[in-house]
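See structure below.
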């Protein structure tokens, strides 16, 4: 395990479990729980996002909002991805854990922002969306009449 590749916020506590296999992502996420913020970033299709991309997007959001309001990170990288060294020959088992990813469903909310002006929040989420390898959209919270 190379700890230098993992951001400090996303380090996993224990490594006693065996490394996971790749799994198919489930059906789109249609259930929606209560809103936390006013503006959210939603995934339009499924895929995986690395811990580095999550941390890069979080840093962009913190800087673009000038550290005001509240930011909710709704995804965590918990799925280990293994790799073998470049010089390794075939065989000798599965490689060690290289980095962590987060499986994303279509329709899943990635980040939410509240407590600041919606135009600033939309601009911040649009710039954070460029850090991800999947298509996303910015969603405003529906208002009750």
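The values are calculated or read from the model by the stated rules, or taken from the named source; none is laboratory data. These numbers were taken from a predicted model, which means no experiment stands behind them. No Cβ is skipped: glycine too gets one built from the backbone with ideal geometry, and neighbour counts run over all protein chains shown.
Of the residues screened, residue 106 is not one that is more than 20 Å from residue 35 (Cα to Cα), within 15 Å of the chain's Cα centre (by Cα) and touching a residue at least 24 places away in the same chain (Cβ under 8 Å). Surrounded by 13 or more Cβ atoms within 10 Å (Cβ to Cβ), in contact with a helix residue (DSSP H, G or I) (Cβ under 6 Å, 6 or more places away or on another chain) and in a strand (DSSP E or B), is that true of residue 97? Considered against the rule, which asks whether it is surrounded by 13 or more Cβ atoms within 10 Å (Cβ to Cβ), in contact with a helix residue (DSSP H, G or I) (Cβ under 6 Å, 6 or more places away or on another chain) and in a strand (DSSP E or B), residue 97 comes out as no. Answer yes or no: is there a residue in segment 85-94 that is modelled with pLDDT of 90 or more, over 18 Å from the mean Cα position of the chain (by Cα), over 22 Å from residue 21 (Cβ atoms) and not in a strand (DSSP E or B). No, segment 85-94 contains no residue that is modelled with pLDDT of 90 or more, over 18 Å from the mean Cα position of the chain (by Cα), over 22 Å from residue 21 (Cβ atoms) and not in a strand (DSSP E or B).
Counting only residues that are assigned to a strand (DSSP E or B), buried (at least 18 other Cβ atoms within 10 Å of the Cβ) and more than 9 Å from the chain's Cα centre (by Cα), segment 43-63 holds 1 of them.
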